[in-house]
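Below: one structure in structure tokens.
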Amino acid sequence: MSHDVRTPLPVPRYLDCLAADFELLRTAATTASPTARVPSCPDWTVTDLVRHVGQVYAHKTAAIRAATPGTEPEWPPKGTTDEEPYTLLDRAYAELREALTTHSPESPAGTWYAPDQTVGFWIRRMAQETVIHRIDAELAAGGPITPVPDDLAIDGIDELLKVFTAYAVTEWTDYFREPLATSPGRRYELHAGPATWRIRTGPDPLFTVEDGTTAAPADTTLSGTPEAMLRDLWNRLGPEEPSQVRDELRTCLKISTQ
């Protein structure tokens, strides 16, 4: 087996990406009608999207300030359901930015991901959260999608497959067991630019992911630019962009990101 094991991006890179994508999100959300539907989240209007992102930022800021590994603050954060959405978004982003840049990445913070209870986890997660939701805002605005840098997209794919899905299967196994009970077992090979992952789904094991390629043939090969694969895996394609992700892989991704 060949491996191209990936490590998270440098902290300054995440912070730069977070800043850039926040500005793009804010611009797109202001351009779109507040009542416009978000195609990638059809139950949401743009106003709902803006409020959600603001609440996420406020929630993670509270987790960083509490510095209590193993626990997270209440959801939604107190007072955020009544605050004007765009005011909330701007205030919460400013407070998040302050928290992320004045705490060491190694400082303790409660997260839902047991292996990493640090501020560094939220630095990465907020950069990835923001790029996905700015794509939501751009889709709702009907404008072009701003390209996602390759390094951020590859990191986002890696996070989705390992931190979200593989971890969720381990921690909340029962949610996956029934949907995969009749699976014949499938092997996927996913290529995103220079990066490759091997994924297996089935009743036993339910889900595994590894970096690199193997000699064993894949049942399904998915390939594209890092941005295209990130958007496809997160179900953020435009209405005329066909998806390559289906079957048990889509099922696992959907369950793990709910």
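Output the residue which, of all residues in the range 177-219 that are out of contact with any Leu (no Cβ under 8 Å at 6 or more places or on another chain) and of a type in the set (Val, Ile, Thr), is most open to solvent (accessible area, probe 1.4 Å).
Ranking the qualifying residues of the range 177-219, first place goes to Thr182.
Can you pull out every residue in the range 25-44 that is crowded, with 19+ Cβ neighbours inside 10 Å and either in a loop (DSSP other than H, G, I, E, B) or not small (Gly, Ala, Ser) (or both)?
Residues satisfying the conditions are Leu25, Ala32, Ala36, Val38, Ser40.
Can you tell me which of (1) open to solvent by less than 20 Å² (accessible area, probe 1.4 Å); (2) within 16 Å of the chain's Cα centre (by Cα); (3) within 13 Å of Leu89 (Cα to Cα) is the one Cys17 doesn't meet?
The one condition Cys17 does not meet is (3).
I would also like to ask the following. I'm checking my understanding of the structure. Among residues of the range 87-106 that are within 22 Å of the chain's Cα centre (by Cα) and of a type in the set (Ser, Thr, Tyr), which one is surrounded by the most Cβ atoms within 10 Å (Cβ to Cβ)?
That would be Tyr93.
Hey, another quick one. For the range 161-176, does any single residue satisfy the condition of being surrounded by fewer than 20 Cβ atoms within 10 Å (Cβ to Cβ), touching a residue at least 60 places away in the same chain (Cβ under 8 Å) and not aromatic (Phe, Trp, Tyr)?
No: zero hits.
Right, something else. Say we look at the range 51-72 and pick out the residues that are in contact with a Ser or Thr (Cβ under 9 Å, 6 or more places away or on another chain) and free of Cβ contacts under 8 Å to residues at least 40 places away in the same chain; which of these is most open to solvent (accessible area, probe 1.4 Å)?
Ranking the qualifying residues of the range 51-72, first place goes to Arg51.
Among the residues of the range 108-135, how many are open to solvent by less than 30 Å² (accessible area, probe 1.4 Å) and polar (S, T, N, Q)?
Looking only at that region, the number is 3.
Filter the range 85-120 for residues that are in contact with a Phe, Trp or Tyr (Cβ under 6 Å, 6 or more places away or on another chain) and assigned to a helix (DSSP H, G or I) and give the result.
Ala92, Tyr93, Leu96, listed by residue number.
The values are calculated or read from the model by the stated rules, or taken from the named source; none is laboratory data. All values derive from a computational prediction rather than experimental measurement. Cβ atoms come from the backbone with ideal geometry, glycine included; neighbour counts cover every protein chain shown. The area values use the complete protein model at the heavy-atom level, side chains included, leaving out ligands, DNA and RNA. Shrake-Rupley method; radii C 1.70, N 1.55, O 1.52, S 1.80 Å.
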